[in-house]
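Chemist: Before we start, here is the structure in question, set down as structure tokens.
Each reported figure results from applying straightforward, stated rules to the coordinates on display, with no laboratory input. What you see is a predicted model, and the numbers here were worked out from it, not measured in a lab. Neighbour counts are summed over all protein chains in view; Cβ atoms, including those assigned to glycine, are modelled from backbone coordinates with ideal geometry.
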Amino acid sequence: MRAMKIKIGQDLKDALLSRDALRTSVLRMLLAAINNKGIEKRTTISKKIPNATESELQKESVLTDEEIQQVVMAEVKKHKESIEMFQKGNRQDLVDKEAKELQILQSYLSKQLSEEEIKKLAQEAIASTGAKSAKDMGKVMAALMPKVKGRADGALVNKIVKEFLQ
């Protein structure tokens, strides 16, 4: 098991012992999402290697910390979208609840890049790809996303690149 999943499991135990219902709920949801991703990975591997043994499948389907980070980022994105929808629906009670859950999830993300750091990386990617207009957006994003993966929100990166190319 990877270090990040162990930390989340330990934090869940601590939340249970301290009777922190919100944190317990969020961490259970996160662990369920991580386990589902592991099952998805195992299924994919079993289709690629149809005669793999149970122990081989078990070993190959363990998620890396980077894959767990991706799951956490996906959950963060879902919560941000929920907050937007609840704000449009004038449901401040649900906005507050989602915001608290989001804060808990964000504590498991690696340090995020600042907007200035993203802008610098975007300018470098634009220069290296020779992009001149919005038509070249795909080239720039293909060059930039591996550099910011797990450390920046894709929507923010997209917005910044779009601004530079217009």
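Chemist: Set Lys and Arg Cβ to +1 and Asp and Glu Cβ to -1, take the dipole of the chain about its Cα centre, and tell me which of LEU113, ILE6, ILE45 lies farthest positive.
Modeler: The residue sitting most towards the positive pole is ILE45.
Chemist: Right, here's the next one. Counting other C-beta atoms within 10 Å, which of ILE39, ILE160 has the fewest, and how do the rest follow? Let's see the in-between values first.
Modeler: On the way: ILE39 11, ILE160 18.
Lowest to highest Cβ neighbour count: ILE39, ILE160.
Chemist: Restricting attention to the alpha-carbon atoms of the stretch 115-165, what are Rg (one decimal) and Dmax (integer), both in Å?
Modeler: Rg and Dmax of the stretch 115-165, Cα atoms, are 9.4, 27 Å.
Chemist: If you don't mind, another one. Can you give the three extents of the C-alpha atoms in the stretch 1-91 along their principal axes, from longest to shortest, in whole Å?
Modeler: 53, 34, 17
Chemist: Among the lysines, select those whose C-alpha is under 19 Å from the C-alpha of LYS80, and discard any that sit fewer than 8 residues away in the same chain.
Modeler: LYS88, LYS97, LYS100, LYS111, LYS149, LYS159
Chemist: Quick one: the Cα spread of the chain along its three principal axes, in angstroms, biggest first?
Modeler: Over the chain, Cα extents along the principal axes are 53, 51, 26 Å.
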